[in-house]
Structure formats: C-alpha cells, structure tokens
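The values are calculated or read from the model by the stated rules, or taken from the named source; none is laboratory data. Every value quoted in this text rests on a predicted model; they were computed, and no experiment measured them. Using ideal geometry, Cβ is built from the backbone for each residue, glycine included, and neighbour counts are taken over all protein chains shown.
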Amino acid sequence: MSLADDLYRETILDHYHHPRNRGELGGTAVKVEGVNPLCGDELILYLEVQGDKITDVKLQAKGCSINTASGSMMSEAVLGHSIEEAKKTIETFKNMMMSKSADGVLPEEMEDLEALQGVRKYPVRIKCALLPWNTLLEGIEESNNKSK
C-alpha cells in the first residue's frame, strides 16, 4: 500500500469518525432523504438556501464509512457557495468518480475529495460515495421549487 493510499484512508476515516456538519435544521430548511437499497445506506440532508447561496447544510448518515465520509466532505465543499458553484462541484466530483482513468485531477479547493478516488476500484461502492451528492442535487431542486 502506498503512502497516498494511507493518507486517503486516514482522510476517509477522519470524516467517518468525525463527520462535519452533522445534525438537522428546522425552520425553512429543505429536508431530503436518500437511500441506497443495494447496501442499506441512508441519508437525510437538510439544506438552507438564501438567495442563491447555500447558507447551511446538515447531514444525518446511516451506513458505511464511504457514505458518511463522502457526505461530510461534500458538506464542506458546498457550504457558503452559490447554487451554481455547488452544481459545478457536484459535476466535477461525479465525473471523477465515474472516470475510468486514474488521473481524475480535482481543483485545489477540492483536493480532499481525491481520497474517494480509490472507491472506483469497487464499482458497487461508487453509489455509496455518490449518494450524498445526488441527495444534494435533489435538495437544490426542491429548494428551487420552494422559492418559486
């Protein structure tokens, strides 16, 4: 195992054991549930959008370390950003996860997410990593519908 693999594993375990933005939101927050029936992962995402900016995001994840870590990293990557920036981040991450090549280079501000590249070796686990991101897309859509 390489040093990079060890560092990536540590990053994933850190986000699994100490997930960022864990909890729930009330008030005007959008609540969206995501489920991966293949492995049993469950996720509840709370999203607060003011204007065009993600002002708060909270997660409650049940399931594997990849799902929890991916959600934690995702919440850090989009918090405080505009909806358009968040959508670009989601697209970039999903492209990296679905890419067959090993050189899915991410922008510097997304470097931590490279830790999840190793998941691509296990196609069945890719859905675990993508669940929070797809749930966020649903939350953005619901937030857009709510503000109309």
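Numerical summary
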| quantity | calculated |
| --- | --- |
| Residue in the stretch 91-99 that is among the aromatic types (Phe, Trp, Tyr), free of Cβ contacts under 8 Å to residues at least 60 places away in the same chain, closer than 17 Å to Ile140 by Cβ and out of contact with any Gly (no Cβ under 8 Å at 6 or more places or on another chain) present | yes |
| Residues that are farther than 26 Å from Asp6 by Cβ and modelled with pLDDT under 80, drawn from the stretch 90-148 | Ser147, Lys148 |
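Conditions tested, residue by residue: (1) farther than 18 Å from His15 by Cβ; (2) modelled with pLDDT of 95 or more; (3) among the small types (Gly, Ala, Ser); (4) touching a helix residue (DSSP H, G or I) at 6+ places or on another chain (Cβ under 7 Å).
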| position | (1), (2), (3), (4) |
| --- | --- |
| Gly40 | yes, no, yes, no |
| Glu48 | yes, yes, no, no |
| Gly51 | yes, no, yes, no |
| Asp56 | yes, yes, no, no |
| Cys64 | no, no, no, yes |
